[in-house]
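To keep things clear, I will list the structure first and then write my remarks on it.
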Amino acid sequence: MNAPLPRDWDTLRQSRGRRLERAASLGLAGKNGKEIPVDRIIDLLEAVIQPGDRVCLEGNNQKQADFLSESLADCSPERINHLSLVQSVLALPSHVDLFERGLANRLDFSFSGPQGARLAKLVQEQRIEIGAIHTYLELFGRYFLDLTPNVALIAAQAADAEGNLYLGPNTEDTPAIVEATAFKGGIVIAQVNERLEKLPRVDVPADWVDFTVLAPKPNYIEPLFTRDPAQITEVQVLMAMMAIKGIYAEYGVTRLNHGIGFDTAAIELLLPTYAADLGLKGKICTHWALNPHPTLIPAIEAGFVESVHCFGSEVGMDAYISARSDIFFTGADGSMRSNRAFSQTAGLYACDMFIGSTLQMDMAGNSSTATLGRITGFGGAPNMGSDPHGRRHASPAWLKAGREAYGPNAIRGRKLVVQMVETFREHMAPVFVEELDAWKLQKSMGAELPPIMIYGDDVSHIVTEEGIANLLLCRSPEEREQAIRGVAGFTPVGMARDKAMVENLRDRGIIRRPEDLGIDPRLATRDLLAARSVKDLVRWSGGLYAPPSRFRNW
Amino acid sequence: METLDFRFDSAPVSRAANPALCGVVGSGNLEILVKAGDAATICQISIKTSARGFGETWRAVLGSFAAAHAAGGTAIAINDMGATPAVVSLRLAQALAEYQGGGQ
């Protein structure tokens, strides 16, 4: 028998020890709440981060560890280089600076939003290697398998004298990041907005945290989910009426997630008016995996909503949430606790429906928000907009959809995955296309797969101003294609429809026009919206909602 | 700026009240004026649009409107600021209803 090769079994712990010793030798021992003076942050980062490390620079959908990100970008590329970033969102200019300044060269992420164009340019210049664009849950999953961070740089609201952290309403990704890092020999550094003697609650225990630094200004939070009702159009009202009557009511959808666009904001604002008139209160939209959308306030106040679990918070909503603790998940201290990993899990497995929008859809129903010259990723849509085949528990909506898709003897149900789009975007860009830009983007990225947001075989319904296509009832790829063309309006692919086949699909109820649903498009006016301005939302909230100044025009 | 003129066959409008004005000239929107035309089975439409090069799309959208509605005997003037076909179709339906005196 061969003797086992001798090896050390605690190299991660040894490496961690050496990093902490380097910091201590510079006088950065992290005494008093593991506190590091703000002007020593670069010394600390250069002491504990090594070339080739995997680093999670907490970039959430909303909350950003912006001070730590800017500080890392200011470190010497001679000392720190070949970093591999593993983080859900790459939203800040300083995130991209890390690649431009030669500190990092590899990225695994989910969403890049505003930095999408700079990212595409770096890929073309071969200065960045993209591992993959993940769903959130997929990336969090990999934190616990093959992408565990060596160092996590996170953002917290407050630290106490021992180094316990309070995360505030924007908990977001922090628990997943810290758990993976702290329990696999990694280093956790937190920027905090304030130091308190007593925290409102402890979200991260002190012994999972190595260093804290008081940031010069509070961490940045993007108001990503605020949609001004004043911008909702009559076409969006029409599509919302169709969705409510033709999908929500027919399937009895009680557990759901909404995308963040104006299309779904219109639905939220029609619940207390149009949906209530249809007698749907208590029958639809009771349980949500959703950020605290201000446009949901009227539906909450009207008694439609029983529960909302949130991925993150939203600027200006904190006081309202605290005052509605029956609806939102809040701590004994009164403030909300969000959690992206758990809410995404709810969105994947516990929701009966996802409804959202896209920029492009092809004739197989594949959709993508990736367009040429921009690598943006997809946020929460790919998790929630997919039918989880492992689901076991039944609900009326899930069973009805399953029977439509697989026949009356189906042994499983089906999630409703609804794409809601006006057939043309602004500047007459058609949403329905023969080929997604994602395929060209794949070539320019050198990626193994095109960046598709929602796979066509997961989509159950498409809602446009022309009607609803129920893809569950299609029995062949040809029927599916004509069902999509049949609601694609006056786009080139819509005009190329087989008219006889589309009329046949309409006779079978696979395509339904507004008149088939008993909806007169001329009644689709903004008067149906429960709130027509941000000020209306404030009024509905009893003055508890405090919108950011850019949404105030009074 | 582009000017387009179309004439479509359409069933005679059931009743005509006063000329009707619908919509606003704002970005992504349009203004529609419906008044009496000169031939009972023709819907005559003239368009001033800020978006050039969409003549065939206009023809398809308006042709579909004239086929789906009884709009013969009308002359329709449109001032467009880049409205999508969805908005155009909705506004036309609203404007025709108003022209017939029924509002909604």
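FYI, it's all coordinate maths here, none of it is from the lab. None of these values were measured; they are calculated from a predicted model. Here the Cβ is made from the backbone with ideal geometry for all residues, glycine too, and neighbour counts use every protein chain on show.
Worth pointing out:
- Each semi-axis of the equivalent ellipsoid for region A:330-370 is √(5λ) with λ an eigenvalue of the Cα gyration tensor; in descending order they amount to 33, 12, 8 Å.
- Inter-chain neighbour count for A:546-554: the average number of beta-carbon atoms from partner chains within 10 Å of each residue's beta-carbon is 0.
- Candidates per trypsin sites (Lys or Arg not before Pro) in region B:38-104, loop by DSSP, up to 11 other Cβ within 10 Å: B:ARG52
- Distance in nm between pseudo-label sites at A:ARG532 and A:ARG7 (7 Å out along the Cβ direction from Cα): 7.0 nm
- Exercise: per-residue mean of other protein chain Cβ atoms within 10 Å, A:229-237: 3
- Residues whose amide H falls under 5 Å from that of A:THR212, counting only those 5 or more places apart or on a different chain, are A:GLU35, A:ILE36, A:ALA190, with hydrogens built in the peptide plane.
- The protein assembly as shown, dipole about Cα centre (Lys/Arg Cβ +1, Asp/Glu Cβ -1), debye to the nearest 20: 540 debye
- Shape call, region A:385-468: gyration tensor on alpha carbons, a/c limit 1.5: oblate
- Computed over the Cα atoms of region B:44-104, the ratio of the radius of gyration to the Kirkwood radius (Rg/Rh) comes to 0.95.
- At 0.692 mPa s and 37 °C, Stokes D of region A:229-532 from Kirkwood alpha-carbon radius, µm² per second: 167 µm²/s
- Per-residue 3J(HN,Hα) values for region A:447-454, derived from phi via the Karplus relation 6.51 cos²θ - 1.76 cosθ + 1.60 with θ = phi - 60°, read 8, 7, 9, x, x, 8, 7, 10 Hz in sequence order (x marks Gly and Pro).
- Pairs beyond 29 Å (Cα-Cα), from A:LYS63/A:LYS198; A:LYS281/A:LYS415; A:LYS184/A:LYS415; A:LYS281/A:LYS499: A:LYS184/A:LYS415; A:LYS281/A:LYS499
- Inverse mean reciprocal Cα-Cα distance (Kirkwood Rh) of region A:464-554, Å: 16.0 Å
- 3J(HN,Hα) from dihedral phi, region A:374-386, Karplus parametrisation 6.51/-1.76/1.60, rounded to Hz, x for glycine, proline: 9, 10, 10, x, 10, x, x, 4, x, 5, 6, x, 9
- Chain lengthening between B:SER27 and B:LYS48 when straightened (0.36 nm per residue, less Cα-Cα): 6.2 nm
- Pairs of Cα atoms farther than 20 Å apart, region A:214-285, %: 37 percent
- Additional length obtainable on full extension of the chain from A:GLU426 to A:ALA29, 0.36 nm per residue less Cα span: 137.4 nm
- Mean shadow area of region A:1-72, taken as a quarter of the surface of its Cα convex hull (nm²): 7.9 nm²
- Counting all C-alpha pairs of region B:2-99, share separated by more than 17 Å (%): 42 percent
- Dipole magnitude (debye, nearest 20) for region A:364-480, charges at Cβ of Lys, Arg, Asp, Glu: 620 debye
- Cα gyration tensor, region A:37-214 - rounded (a/c under 1.5), prolate or oblate: prolate
- Helix B:85-99 and the longest principal axis of the C-alpha atoms of chain B enclose an angle of approximately 30°.
- Calculated from backbone phi, Karplus (6.51, -1.76, 1.60) coupling profile of region A:57-68 in Hz, x at Gly/Pro: 9, 3, x, 9, 4, 10, 5, 10, 7, 5, 5, 5
- Student exercise, region A:424-554 dipole from Lys, Arg, Asp, Glu Cβ charges, in Debye to nearest 20: 720 debye
- Neighbour net charge for B:GLY23 - beta-carbon separation under 14 angstrom, K R +1, D E -1: 0
- Cut-off under 5 Å, modelled amide H: who pairs with A:GLN64 long-range: A:TYR220
- Note that chain A shows a convex hull volume over its alpha carbon atoms of 180 Å³ per residue.
- Remark: region A:353-504 is approximated by an ellipsoid whose semi-axes, taken from the C-alpha gyration tensor as √(5λ), come to 25, 21, 13 Å, largest first.
- Among A:PHE211, A:LEU119, A:ILE42 the positive-end extreme of the charge dipole of region A:37-214 (Cβ point charges): A:LEU119
- Top positive-direction residue, dipole computed over the protein assembly as shown with Cβ charges, set A:SER25, A:ILE128, A:ALA397: A:ALA397
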